[in-house]
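The values are calculated or read from the model by the stated rules, or taken from the named source; none is laboratory data. All of these numbers come straight from a predicted model, not from anything done at the bench. In this analysis, Cβ positions are derived from the backbone assuming ideal geometry, glycine residues included, and neighbour counts consider all displayed protein chains.
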Amino acid sequence: MNSGTPLLPVVKAFLICDQVIHDAQTGKKTLVGVFHELRADRFPAVHPVLWIYANLTDARGSYAFEIRFLDVERNKVLGNGTPPPINIPGPLQTTELSAQLRNVQLPGPGTYEFQLLTNDQLIATKAIRVSKVDGSEQPREPDQEL
């Protein structure tokens with residue numbers, strides 16, 4: 001292994017949820033409202049707030065992360081962000097990364113994808129399906145409605 005190249009982290013979880021609560025005393029995180037589908041009654045739509053959570057292991061070194069949000073069907077990057085860099089001392093340590101996203105733009109129904117990159121390499125993806133609420137369909141407990 002080249003000592004100048006950090007190990008690529010292994011992603012054990014990459015989730016989208018309504019909220020991440022961090023307990024300052026225990027260091028534990030609680031994920032509230034994990035989802036993979038959104039519904040809106042009209043488009044373009046805006047989802048006011050969501051959280052991204054990643055659990056990483058098997059890494060050592062300094063990592064610059066980037067989160068991208070893509071409209072898969074239109075092949076367009078809709079947004080991106082860069083959380084602060086993280087230094088991971090060794091591969092046995094589990095590292096958690098969470099980020100809040102506000103006013104997520106959804107131009108239309110379809111498939112969207114969150115991507116997690118580190119040091120310019122894609123390490124995880126999470127797709128969400130966005131659909132239009134049809135007034136004629138029976139209620140079916142969607143993950144989220146806008």
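Would you call Phe65 under 14 Å from Phe114 (Cα atoms) and aromatic (Phe, Trp, Tyr)?
Values: under 14 Å from Phe114 (Cα atoms): yes; aromatic (Phe, Trp, Tyr): yes.
Taking the combined requirement at face value, the residue satisfies it.
Residues are listed down the side, and each one gets a yes or a no for (1) closer than 18 Å to Ala45 by Cβ; (2) at pLDDT below 95; (3) in a strand (DSSP E or B); (4) of a type in the set (D, E, K, R):
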| site | (1), (2), (3), (4) |
| --- | --- |
| Pro83 | no, yes, no, no |
| Asn87 | no, yes, yes, no |
| Leu92 | no, yes, no, no |
| Glu96 | no, yes, yes, yes |
| Gln100 | no, yes, yes, no |
| Lys126 | no, no, yes, yes |
| Asp134 | yes, yes, no, yes |
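Within segment 23-41, track down each residue that is loosely packed, with under 10 Cβ neighbours inside 10 Å and either in contact (Cβ under 8 Å) with a residue 60 or more places away in the chain or of a type in the set (S, T, N, Q) (or both).
First, the residues of segment 23-41 that are loosely packed, with under 10 Cβ neighbours inside 10 Å: 23-27.
If the condition is that a residue be loosely packed, with under 10 Cβ neighbours inside 10 Å and either in contact (Cβ under 8 Å) with a residue 60 or more places away in the chain or of a type in the set (S, T, N, Q) (or both), then Gln25, Thr26 are the ones that fit.
Give the number of residues within segment 1-21 that are at pLDDT 95 or above, farther than 22 Å from Leu122 by Cβ and either outside any strand (DSSP E or B) or not acidic (Asp, Glu) (or both).
Qualifying residue count, segment 1-21: 3.
In segment 67-103, how many are of a type in the set (Val, Ile, Thr), out of contact with any Leu (no Cβ under 8 Å at 6 or more places or on another chain) and either within 24 Å of Leu7 (Cβ to Cβ) or crowded, with 16+ Cβ neighbours inside 10 Å (or both)?
Taking segment 67-103 and keeping what is of a type in the set (Val, Ile, Thr), we get 67, 72, 77, 82, 86, 88, 94-95.
From what is left, the residues that are out of contact with any Leu (no Cβ under 8 Å at 6 or more places or on another chain) are 72, 82.
So of that shortlist, the ones also either within 24 Å of Leu7 (Cβ to Cβ) or crowded, with 16+ Cβ neighbours inside 10 Å (or both) come out as 82.
Summing the residues that are of a type in the set (Val, Ile, Thr), out of contact with any Leu (no Cβ under 8 Å at 6 or more places or on another chain) and either within 24 Å of Leu7 (Cβ to Cβ) or crowded, with 16+ Cβ neighbours inside 10 Å (or both) in segment 67-103 gives 1.
Looking for whichever is modelled with pLDDT of 90 or more, hydrophobic (A, V, I, L, M, F, W, C), farther than 16 Å from Cys17 by Cβ and surrounded by fewer than 18 Cβ atoms within 10 Å (Cβ to Cβ) here; the options are Ala64, Ala45. Which one fits?
The conditions single out Ala64.
Could you tell me how many of the residues in segment 16-51 are over 22 Å from Gly108 (Cβ atoms) and aliphatic (A, V, I, L, M)? So that I can check it myself, show each step before the final result.
Going residue by residue through segment 16-51, those that are over 22 Å from Gly108 (Cβ atoms) are 17-34, 51.
Going one step further and asking which of them are aliphatic (A, V, I, L, M), we end up with 20-21, 24, 31-32, 34.
Qualifying residue count for the region: 6.
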